[in-house]
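Just so you know, all these numbers are worked out from the coordinates, no wet-lab data involved. Here the structure is a predicted model, which is why all the values come from computation and not from measurement. Here the Cβ is made from the backbone with ideal geometry for all residues, glycine too, and neighbour counts use every protein chain on show.
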Amino acid sequence: MAKDKAKKGDAAAAVADAGPPVPPRLRDQFRNEISPKVGEQFGLKNPMARPRLEKIVININMGRHLDGAKLPANVKETVLSTLTTISGQKPVVVKARKSVSNFKVREGFETSAYVTLRRDRMWYFLDRLINLAAPRVRDFRGFSPKAFDKAGNFSMGLTEQGVFPEIDMTKTNFTHGMHINLVFRNSSPDKSRFLLTELGFPFRHDEKGGNR
């Protein structure tokens, strides 16, 4: 019992020494600078009517790796490890609801995994995506400024997990991509594009209409 109490005391001391968590830089920038800019740009005086980032969903498809009647263990292990490492959350594994013979998928097969980020973790991830992961993409020229739906949600894809510095590719079994959805509230394509541009999101400039 004494040893257990000592270990708990050491753990508590370590947390205390680490100090309070650093608030998300982009969250504070959005609240203090960008939200008022969006309101001025689109005539939205009420802060509650302005667009805001609600959540980020990261999804990785595993269905194409299905081999016979099950998913290879190394594929699932690598995908779940990637999602846990880059998000700090435990992923959810999705199983097929129906069989699709053309894709060799049977009902109940584990076909994908995803995480949904909200609040501080969402902002931390977006900051790493913009400033650390995107510049590491090979031959990167920016993300498409047209990948918005009617509600202003933005979708993008990455071809390999190694663009995130926290992923050690020497310890992975294979390379895989991922799909990332930025979900907004009270938004439209123009509003979301303006908001993300102000946050420093790297859009391409070689398409008509520029990055806005």
### Query
In the stretch 123-188, which trypsin sites (Lys or Arg not before Pro) fall in coil by DSSP and have 15 or fewer other Cβ atoms within 10 Å?
R138, R141, K146, K150
### Message
List the GluC sites (Glu not before Pro) within the stretch 145-210 that DSSP assigns to loop and that have no more than 15 neighbouring Cβ atoms inside 10 Å.
### Response
E166, E207
## Note on the structure
Going through K55/K150; K76/K171; K37/K150; K55/K171 one by one, the pairs whose alpha carbons sit over 25 Å apart turn out to be K55/K171
